[in-house]
Amino acid sequence: MSRDPEITSSTDMIRALGLIAAICGIIIVGVYEFTLDAVNANKKIALERQVFKVFPHAKTVDAFDALPGGISPAGDHDALAGAVRFYAAYDATGKLAGIAAEGSSAGYADQVRVLYAWDPEKQLIIGLGVISMRETPGIGDKILVDRDFLHNFVALDVSLAADLNSLAHMVKTVKHGTKSHDWEIDAISGATVTSKAVGRGINQSAQALLPRLMPHLAQLRNKS
Amino acid sequence: MTSLVSNFDEFMDGLWKQNPIFVMVLGMCPTLAVTVSAINSISMGLATTFVLVASCLLVSLLRHAIPKEVRIASYIVIIATFVTVVDYAIQAISLELYEALGAYIKLIVANCILLGRAEAHAAKTPPVAASLNACGMGLGFTLGLLAIGAVREIFGSGMLFGVSLFGPHFQPWVIMVLPPGGFFVLAGWLILFAAIKARNSSQLSSGERALEGGKS
């Protein structure tokens with residue numbers, strides 16, 4: 001009973017796969033290490049650009065993570081599970097200019113990721129920028145340029161409820177022309193899905209972040 | 001001399017005779033999805049070309065060491081490795097480009113041109129010929145994407161490579177940058193290529209007929 005010479009032995013197969021895995025492993029890890037610094041630098045620049053857009057007077061930006069027990073400076077890694085990443089913008093004198101955070105929700109085509117600017121003194125959202133979206137050109141992407149829509153974010157009320165555990169009023173997108181409260185967002189006519197995604201993203205993020213952030217705000221007043 | 005000619009043939013194969021998009025109609029997912037602008041098309045094409053050349057070269061170098069029973073797993077691991085390399089490289093070069101190409105960089109893994117070339121060509125060919133063929137295929141793919149991307153950008157945004165062509169009064173033909181636009185433009189190019197092919201073959205056959213007529 002000799003084995004057919006055409007049949008490859010199991011050892012050969014495992015050896016070949018092992019060899020390929022080793023070569024590929026070395027290539028992947030090598031490239032990862034090689035590009036890591038450039039990738040992190042790019043991410044930081046891209047983010048700072050967004051934050052400076054919503055806080056034009058800011059000079060520096062620091063990233064923090066809001067955890068259930070407090071806030072801590074963010075490292076190079078992504079936000080930990082359960083933590084909410086936010087960015088403190090400081091002016092030239094090192095004083096806190098405001099807080100920016102990301103809100104994200106499913107739009108018409110893909111996730112709509114926005115960055116909102118929060119004024120801790122007034123407890124208002126005072127600006128909005130778009131991080132990424134793939135909404136329909138000419139329809140959904142109007143959230144970037146529509147003046148009436150952007151006017152919603154000049155003074156959007158996100159003050160906390162008396163127990164400081166949630167927002168006093170949920171941020172909500174309402175049908176075009178029916179906005180009657182400061183915590184409502186007037187949708188763009190014809191682009192309701194995208195407008196709603198913006199509102200939902202901000203609401204989720206603010207509900208999670210602001211109650212954690214409020215008690216520790218003093219820590220952030222001056223740049224450390 | 002013969003090897004030089006055959007190497008040139010290997011290179012030209014994908015560029016024209018067996019163009020992956022217009023002749024073989026392969027890799028349609030990125031073809032339709034990322035060709036909203038010329039620059040996206042070129043970036044996607046070059047990323048695919050790099051993965052194609054690198055993976056075909058490695059497959060060709062290892063062709064005697066890979067038993068046929070485990071070849072598909074091996075090819076996929078090799079392709080996935082170079083896609084990861086491209087993914088990191090693009091993040092390091094430009095995050096804007098990375099955002100624009102989105103998931104489609106990762107989806108190069110599943111592009112049938114890659115496994116097709118590894119299996120049908122690189123696994124049976126020496127490294128130089130395999131890389132040249134892969135390079136031709138990759139550039140042919142890039143050219144195809146660019147042909148679609150340029151048309152879509154011109155009509156859909158009134159621009160080419162981000163440069164405005166028609167001034168501020170141009171009303172963009174939005175459907176061109178939406179998914180249906182991809183299908184329309186691809187169909188347009190396929191019709192053009194089919195027409196050229198039909199004309200060439202009819203000329204050829206009428207030439208043959210004339211030749212036969214001359215003989216009789």
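The values are calculated or read from the model by the stated rules, or taken from the named source; none is laboratory data. Everything numeric in this text was worked out from a predicted model, so none of it was measured. Note that each Cβ is placed from the backbone with ideal geometry, even for glycine, and that neighbours are counted across all protein chains shown. Quick note on the areas: whole protein, heavy atoms, side chains included, nothing else; ligands and nucleic acids left out. Shrake-Rupley method; radii C 1.70, N 1.55, O 1.52, S 1.80 Å.
Using the Stokes-Einstein relation with a Kirkwood hydrodynamic radius computed over Cα pairs, the translational diffusion coefficient of chain A at 37 °C and a viscosity of 0.692 mPa s comes to 165 µm²/s. Once backbone amide H atoms are built at 1.01 Å from N, A:T60 has A:Y90 as its partners under 5 Å, excluding neighbours fewer than 5 places away on the same chain. Remark on the range A:35-55: accessible area falls by at least 10 square angstrom from chain-alone to full-complex state for A:T35, A:A38, A:V39, A:N42, A:K43, A:A46, A:R49, probe 1.4 angstrom. B:M159 contributes an accessible area of around 60 Å² to the protein surface, as traced by a 1.4 Å probe with all chains present. Using a probe radius of 1.4 angstrom, the carbon and sulfur fraction of the accessible surface of the range A:36-220 is 54%. Ordered by 1.4 Å accessible area with all protein chains kept, B:Y75, A:Y32 run largest first as A:Y32, B:Y75. The relative contact order of the range A:36-220 comes to 19 percent, based on Cα pairs under 8 Å that sit 6 or more residues apart. Within the shell of other residues whose beta carbon sits under 13 angstrom from the beta carbon of B:V177, the net charge comes to -1, with Lys and Arg scored +1 and Asp and Glu -1. Under 20 Å of direct C-alpha separation, and excluding same-chain neighbours fewer than eight residues apart, B:K17 reaches these aspartates and glutamates: B:D9, B:E119. What number, in percent, do you get for the relative contact order of the range B:2-215 if the mean sequence gap of Cα pairs under 8 Å and at least 6 apart is divided by its residue count? For the range B:2-215, the relative contact order is 34 percent. The string of couplings for the range B:125-139 from the Karplus curve (6.51, -1.76, 1.60, θ = phi - 60°) is 10, x, x, 5, 5, 4, 5, 5, 4, 5, 5, x, 4, x, 5 Hz, one whole number per residue in order, with x for Gly and Pro. Heavy atoms of the protein chains alone define the surface here; on that basis the range A:36-220 has 49 Å² accessible area per residue at 1.4 Å probe size. Accessible surface buried by the B/A pair amounts to about 2100 Å², both sides summed, 1.4 Å probe.
With Cα atoms defining each centre, the range B:1-68 and the range A:200-216 are spaced 49 Å apart in the structure. Think of it as helices only: each DSSP H run of n ≥ 4 in chain A is worth -39500 (n - 2.57), and spread over all residues that comes to -11500 deg cm²/dmol at 222 nm.
Probe radius 1.4 Å, ligands and nucleic acids ignored: give me the carbon and sulfur share of the accessible area of the range B:159-207 as a rounded percent.
On the way: 2620 of 3510 Å².
Roughly 75 percent of what the probe reaches on the range B:159-207 is carbon or sulfur.
In chain B, helical runs assigned H by DSSP with n ≥ 4 each contribute -39500 (n - 2.57); averaged across all residues and rounded to the nearest 500, the mean residue ellipticity at 222 nm is -23500 deg cm²/dmol.
The phi torsions of the range A:155-160, fed into the Karplus equation with coefficients 6.51, -1.76 and 1.60 and a -60° offset, translate into couplings of 8, 8, 6, 10, 5, 7 Hz, rounded to whole numbers, with Gly and Pro shown as x. Taking amide H positions as modeled 1.01 Å from N, with prolines and chain starts lacking one, the residues under 5 Å from A:L167 and 5 or more places away or on another chain are A:A161.
Once the 1.4 Å probe is applied to the protein heavy atoms, chain B comes out at 49 Å² accessible per residue.
Where Lys and Arg each count +1 and Asp and Glu each count -1, what net charge lies around A:R221 among other residues with Cβ under 14 Å from its Cβ? Net charge around A:R221: -2. Here the alpha carbons of chain B define both size measures, Rg and Dmax, at 19.9, 69 Å. Seen against the Cα atoms of chain A and their longest principal axis, helix A:10-54 is set at about 20 degrees. Exceedance of the 22 Å cut-off in Cα-Cα distance is limited, within the set A:K53/A:K142; B:K68/B:K106; A:K122/A:K196; B:K124/B:K197; A:K43/A:K172, to B:K68/B:K106; A:K122/A:K196; B:K124/B:K197; A:K43/A:K172.
Taken over the protein assembly as shown, the alpha-carbon convex hull comes to 236 cubic angstrom per residue.
Distant-in-sequence amide contacts of A:E135, defined by a placed amide H-H separation under 5 Å and a gap of 5 or more residues or a different chain, comprise nothing.
Other residues whose C-beta falls under 13 angstrom from the C-beta of B:T35 contribute a net charge of 0, scoring Lys and Arg +1 and Asp and Glu -1. Backbone geometry of the range B:49-56 corresponds, through the Karplus equation with coefficients 6.51, -1.76 and 1.60 at θ = phi - 60°, to 3J(HN,Hα) couplings of 4, 4, 4, 4, 5, 5, 6, 5 Hz, x marking Gly and Pro.
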